[in-house]
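Enquirer: Questions regarding the structure given below will be posed in turn.
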Amino acid sequence: MSRKPRLKGRAARLARLFPARPRQAARTPFVLLVVLLLGGGLIGLLVLNSALSEGSFKMDDLQKDTKNLTDEEQALQRDIDSYSAPDALQRRARELGMVPGGDPAFLDPNGTVKGVPSAAAQRSPAAVRPPEALATLPAFPSAGTAAASPAAASPTAGTTVPEPAASAPGVSPTAATPTTPGR
């Protein structure tokens with residue numbers, strides 16, 4: 001005989017929902033699941049920490065590069081500012097043989113002339129240098145060399161005009177003529 005009494009009706013239906021005897025859950029799969037989750041979390045944190053530290057090193061290197069490039073940009077901007085100063089432009093124009101222009105005249109859209117034009121100041125032919133002589137001059141003399149010697153301030157002082165090269169046999173004279181940059 002069974003120890004339990006036989007249930008009828010509603011009690012029998014409810015009794016079917018509950019197990020007859022309590023089961024004990026297997027502990028091994030649960031322990032393995034917890035160990036795997038903790039191990040996976042620790043490995044994930046390690047990978048995340050490594051990626052963040054690598055990104056930090058890259059960011060530090062990029063900041064150093066940015067600082068160096070900013071310093072270089074500022075130095076180049078100072079050079080541009082010194083070369084584009086009015087007195088430097090005037091000195092360089094004089095070295096190239098340019099003269100100040102005369103008074104300008106303007107044309108109205110209807111064709112009338114406003115102002116009285118005048119010619120530019122004439123320069124002596126000795127001061128005008130051929131293109132070969134200009135090629136031997138530095139593009140922009142530094143401010144220290146121009147102020148260091150009075151001879152450097154004069155556009156013709158200390159410069160020599162090279163003689164044209166003798167043409168080699170079989171070479172046309174135009175081939176030995178140097179061309180100016182940008183043409």
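Enquirer: Here are the criteria: (1) open to solvent by 80 Å² or more (accessible area, probe 1.4 Å); (2) more than 28 Å from the chain's Cα centre (by Cα); (3) of a type in the set (A, V, I, L, M, F, W, C). Tell me which single one Leu76 does not satisfy.
Expert: (2)
Enquirer: Would you point out which residue out of Ser82, Ser53 is open to solvent by less than 70 Å² (accessible area, probe 1.4 Å), more than 30 Å from Ala121 (Cα to Cα) and in a helix (DSSP H, G or I)?
Expert: Being open to solvent by less than 70 Å² (accessible area, probe 1.4 Å), more than 30 Å from Ala121 (Cα to Cα) and in a helix (DSSP H, G or I) holds for just one of Ser82, Ser53, which is Ser53.
Enquirer: Scan segment 85-133 residue by residue and report those that are at pLDDT below 85 and outside any loop (DSSP other than H, G, I, E, B).
Expert: If the condition is that a residue be at pLDDT below 85 and outside any loop (DSSP other than H, G, I, E, B), then Pro125, Ala126, Ala127, Pro131, Glu132, Ala133 are the ones that fit.
The values are calculated or read from the model by the stated rules, or taken from the named source; none is laboratory data. Since we're looking at a predicted model, the values are computed, not measured. For accessibility, only protein heavy atoms count, side chains too; no ligands or nucleic acids. Shrake-Rupley method; radii C 1.70, N 1.55, O 1.52, S 1.80 Å.
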